[in-house]
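Report on the following structure.
The values are calculated or read from the model by the stated rules, or taken from the named source; none is laboratory data. Everything quoted here is computed from the prediction, not taken from an experiment. When we count neighbours, we look across all protein chains shown, and the Cβ atoms used for this are built from the backbone with ideal geometry, even at glycine.
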Amino acid sequence: MQKSFEVENRLGYRILRWILAVALISGVIVSAIQVVLDAQHVSANLNNQARQTIAMVKDSATQAVFSIDEDLANQVVDGLFAREEILLAQILHTNGDPLSSRERPKAESAFNSLINTIFDARRQFNTELTRNDNSGTVYGHFVVHYDTVPAAHMWLSRASITFTSVVATAVILGMVLYFVFYVLLTRPLLRIVHSVMQVNPEHPDDRLVTTPTGHEKDELGLWVSATNTLLIAIGDSQKRHREAEDKVNRLARYDQLTGLLSRDSFMELLKADLEESKRNNTLLSVIVCGIDDFKSINDQCGFRTGDVTLQTVADRLISILGGSRFTIARLGGDQFVIVEKGLKDGFQAADTAEAILAGVNETIGLDGQSVSMTATLGIALYPSDAIQPDRLLQSAEQTMMLAKQKGRDHFQFYVASIDQEIRDRKQLEKDLSEALSLNQLHLVYQPQVNLETKRIIGAEALIRWDHPIRGLVPPDYFIPVAENNGSIVEIGQWVLEQACLQAKQWADKELPLRIAVNLSAVQLRQDRIVEDILDTLKRHDIPAGRLELEVTETSFMTNLADAVAKLHTLNRAGISIAVDDFGTGYSSLTYLKKMPVQHLKIDKQFIRDLLVNEEDTRITNTIIDLGRSLNLTVVAEGVETAEQEYYLTQRGCKLAQGYFFSRPLRPADFEAFVQEFHQKAVENNA
Ligand code: C2E
Ligand code: CA
Ligand code: CA
């Protein structure tokens with residue numbers, strides 16, 4: 001924007017200069033002509049006056065020279081000298097002798113040289129003195145010199161007035177015109193320029209150009225209103241352009257049929273989601289969903305039904321997968337894509353896939369006919385399968401195509417091994433959900449021995465799953481699955497029931513053992529867990545002191561205050577609490593002091609290499625010392641050799657459990673083992 005511009009660039013100023021120049025030049029020319037004419041006039045006047053004067057006195061001069069009357073001659077000459085412009089007056093005889101002569105010095109003038117060139121320094125008149133008798137006799141001469149200065153001075157002052165007035169007129173005219181021009185044109189034009197500069201090029205019709213007051217009806221007003229009409233037209237066309245652009249954008253961003261994101265905008269979002277996953281160090285799944293045999297729906301029921309089917313699938317996907325973790329888009333045709341971010345593992349993706357399959361599977365009622373359909377899904381995972389968005393989508397699409405060749409209504413993961421693993425685990429989950437009702441679960445009991453008295457004081461209840469095909473499935477494998485899908489709550493309750501039932505039976509058989517039951521972190525998080533446990537004890541009429549709960553340090557992690565409160569309630573009721581796998585987790589003293597804990601279980605990984613590995617020995621010693629100083633009973637788990645048992649006994653560890661004494665046993669075997677073990681102890685003592 002031009003803030004101020006040079007005065008000499010203003011139109012008014014340029015006009016002023018032109019007018020001044022033209023007025024001055026033309027004024028000077030006109031006045032020069034005037035002055036020259038005046039000069040001619042003055043010159044002629046001088047001669048006329050002189051001749052008239054000479055004519056007036058010529059007769060007297062003739063008389064004087066004729067009668068040689070010196071007095072008369074002097075009178076004539078003196079009379080002439082009354083006029084100041086007369087420089088010299090002489091009446092001469094014919095021989096040139098003066099009868100009367102008088103002279104005065106020439107008047108001084110600063111403009112002598114100018115005057116001399118124009119008018120001559122003096123005008124000299126020489127008249128022959130004759131009488132009117134037609135004889136032609138010359139009696140003498142009459143000489144008169146006129147000074148040109150007085151007349152020239154008058155001429156000069158007139159000339160200077162002429163010039164001054166011409167210049168003054170030119171200047172005044174120029175100024176007046178400049179001012180008028182400024183008021184009429186420059187100022188309103190500057191206002192218009194200012195107003196034009198305020199116009200927003202993005203929205204030119206938001207703020208139009210204002211007409212300077214008083215110019216509404218003149219050319220400026222016309223110009224402004226023409227400009228405004230143009231601005232409005234430009235604004236209109238911009239608006240239409242923007243609307244068209246928006247529409248094109250919308251068309252490009254969203255799929256017209258389903259309202260889901262289109263492929264291009266989906267790719268942008270996927271890129272952002274991948275960056276987020278990278279930052280948060282989480283997994284992400286891309287699930288490509290293809291409707292099975294969509295072509296035949298189109299062929300049999302018509303395109304309209306096909307369209308409605310796709311819309312229905314889109315609506316179902318939205319309702320099943322609500323929430324910001326999911327992105328849903330239509331890739332085109334009968335293919336959709338779903339991105340789920342913030343995953344912990346691939347199994348979560350399998351859960352989502354199952355939910356999608358179930359959602360698509362529901363029949364659609366359409367104009368009286370019901371259409372049933374299925375879908376096939378291909379799943380690719382970030383970062384294991386690919387890290388670039390296009391590669392990831394491509395992998396999922398390929399997997400979906402491959403999966404379609406194998407059948408319909410199922411999902412498949414990109415990597416075969418992962419696919420197998422997840423498929424296995426999904427199968428396991430399914431089998432586990434039926435294991436309880438099919439009576440495939442049972443408990444085994446591992447004796448806990450008092451190392452001082454060598455008596456069995458209790459047993460840890462451990463779950464076993466007899467799978468009809470897989471055989472015995474280790475709890476290390478299926479407990480995490482149960483924890484993950486929440487079924488551990490039901491299974492845990494069943495374990496507690498069984499353990500209580502067993503404790504009651506053994507108590508009835510004069511075998512009052514304390515039963516240790518493993519309590520999962522997921523169980524401890526349940527709101528009703530405390531009531532459930534106390535209620536179970538009561539139902540089986542078991543004193544609370546007969547039950548021990550084994551919890552791991554991870555159970556405290558998520559909500560320490562809640563875990564502490566629950567364990568306190570259980571503990572106050574008489575149930576003892578053991579920290580399982582102690583030494584493998586955080587083993588924080590702060591936790592330990594807050595916890596209502598009675599037992600520390602040294603994890604079997606430290607006992608295994610006891611006396612072989614220095615560090616494991618040191619950790620075991622530390623835990624035993626810690627237990628002593630905090631007044632907690634230390635239990636060594638996984639004792640397999642006599643050396644380990646001897647060392648632990650010497651070191652002051654109170655209780656032990658492990659294959660050295662016994663593997664976990666079925667109840668009947670356990671009873672037999674106890675009898676035999678105590679029998680041996682009695683014999684050894686004897
Ligand atoms: P855990 O609580 O640490 O149980 C001890 C594990 O060590 C048991 O494995 C037991 O059989 C094994 N063991 C005992 N003595 C020895 C030994 O001398 N040497 C060796 N190498 N191992 C020994 P198991 O029964 O396979 O249980 C594995 C894990 O499964 C348990 O570890 C526990 O965390 C979980 N678990 C088992 N039953 C239940 C249950 O009813 N509820 C819950 N929540 N978890 C359970
Ligand atoms: Ca345990
Ligand atoms: Ca353990």
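Look at region 259-279: where a residue is closer than 13 Å to Leu392 by Cα and a partner is aromatic (Phe, Trp, Tyr), sitting 6+ places away or on another chain with Cβ atoms under 8 Å, you get Leu274/Tyr382. Would it be correct to say that Ala503 is within 16 Å of ligand 2 (Cβ to nearest atom), buried (at least 20 other Cβ atoms within 10 Å of the Cβ) and either in a helix (DSSP H, G or I) or more than 51 Å from the chain's Cα centre (by Cα) (or both)? No: the conditions fail for Ala503. For the condition within 60 Å of the chain's Cα centre (by Cα), within 19 Å of Ser487 (Cα to Cα) and within 16 Å of ligand 1 (Cβ to nearest atom), Asp532 qualifies.
Condition first: more than 23 Å from the chain's Cα centre (by Cα) and either surrounded by 13 or more Cβ atoms within 10 Å (Cβ to Cβ) or not assigned by TED's automatic domain parsing to the domain that holds Gly346 (or both). Now tell me which residues in region 264-283 satisfy that.
Listed by number, the residues that qualify are Thr282, Leu283.
Taken over region 529-555, residues that are touching an Asp or Glu at 6+ places or on another chain (Cβ under 9 Å) and more than 23 Å from Gln657 (Cβ to Cβ) amount to 3. In region 106-116 there is no residue matching the filter, namely being of a type in the set (Val, Ile, Thr), at pLDDT below 90 and more than 18 Å from His145 (Cβ to Cβ). Applying the condition of being at positive phi and not in a strand (DSSP E or B) to region 433-474 and asking which residue is surrounded by the most Cβ atoms within 10 Å (Cβ to Cβ) yields Lys454.
If you check Gln75 against the conditions, is it modelled with pLDDT of 90 or more, in contact with a helix residue (DSSP H, G or I) (Cβ under 9 Å, 6 or more places away or on another chain) and within 24 Å of Pro98 (Cβ to Cβ)?
Taking the combined requirement at face value, the residue satisfies it.
Within region 579-637, being within 14 Å of ligand 3 (Cβ to nearest atom), assigned to a loop (DSSP other than H, G, I, E, B) and not polar (S, T, N, Q) holds for Gly583, Gly585, Asp603. For the condition more than 16 Å from ligand 1 (Cβ to nearest atom) and assigned to a helix (DSSP H, G or I), Lys566 does not qualify.
Tell me the residue from Tyr646, Tyr586 that is more than 16 Å from ligand 2 (Cβ to nearest atom), hydroxyl-bearing (Ser, Thr, Tyr), assigned by TED's automatic domain parsing to the domain that holds Gly545 and closer than 27 Å to Ile463 by Cβ, please. Break it down stepwise before answering.
Details: Tyr646 fails: closer than 27 Å to Ile463 by Cβ.
Residue meeting the stated conditions: Tyr586.
None of Leu261, Leu251 is under 30 Å from Ile338 (Cβ atoms) and touching a strand residue (DSSP E or B) at 6+ places or on another chain (Cβ under 7 Å) except Leu261. Within region 654-664, is there a residue that is away from ligand 2 (no atom under 16 Å from the Cβ), crowded, with 19+ Cβ neighbours inside 10 Å, part of a loop (DSSP other than H, G, I, E, B) and in the same structural domain as Glu548 (by TED's automatic domain parsing)? Yes, region 654-664 contains a residue that is away from ligand 2 (no atom under 16 Å from the Cβ), crowded, with 19+ Cβ neighbours inside 10 Å, part of a loop (DSSP other than H, G, I, E, B) and in the same structural domain as Glu548 (by TED's automatic domain parsing). Here Val634 passes the criteria (1) of a type in the set (Val, Ile, Thr); (2) buried (at least 17 other Cβ atoms within 10 Å of the Cβ); (3) more than 16 Å from ligand 1 (Cβ to nearest atom) except the one numbered (3). Quick check: anything in region 667-680 more than 13 Å from ligand 1 (Cβ to nearest atom) and outside any helix (DSSP H, G or I)? Within region 667-680 (the criterion being more than 13 Å from ligand 1 (Cβ to nearest atom) and outside any helix (DSSP H, G or I)), the answer is no, since none of the residues qualifies.
Every listed requirement among (1) basic (Lys, Arg); (2) within 30 Å of Thr130 (Cβ to Cβ); (3) assigned to a helix (DSSP H, G or I) is met by Arg83 save one, (3). Scanning for something in contact (Cβ under 8 Å) with a residue 24 or more places away in the chain, touching a Leu at 6+ places or on another chain (Cβ under 8 Å) and either within 15 Å of ligand 1 (Cβ to nearest atom) or not assigned by TED's automatic domain parsing to the domain that holds Thr617 (or both), does region 589-598 turn up at least one residue? Looking for residues that are in contact (Cβ under 8 Å) with a residue 24 or more places away in the chain, touching a Leu at 6+ places or on another chain (Cβ under 8 Å) and either within 15 Å of ligand 1 (Cβ to nearest atom) or not assigned by TED's automatic domain parsing to the domain that holds Thr617 (or both), one finds none in region 589-598, hence no.
Looking at Ile533, Ile457, Ile542, which one is of a type outside the set (Asp, Glu), more than 16 Å from ligand 3 (Cβ to nearest atom) and farther than 18 Å from Leu443 by Cβ?
Selected residue: Ile457, the only one of Ile533, Ile457, Ile542 that is of a type outside the set (Asp, Glu), more than 16 Å from ligand 3 (Cβ to nearest atom) and farther than 18 Å from Leu443 by Cβ.
Quick check: anything in region 534-557 touching a residue at least 12 places away in the same chain (Cβ under 8 Å), assigned to a loop (DSSP other than H, G, I, E, B) and on the phi > 0 side of the Ramachandran plot? Looking for residues that are touching a residue at least 12 places away in the same chain (Cβ under 8 Å), assigned to a loop (DSSP other than H, G, I, E, B) and on the phi > 0 side of the Ramachandran plot, one finds at least one in region 534-557, hence yes.
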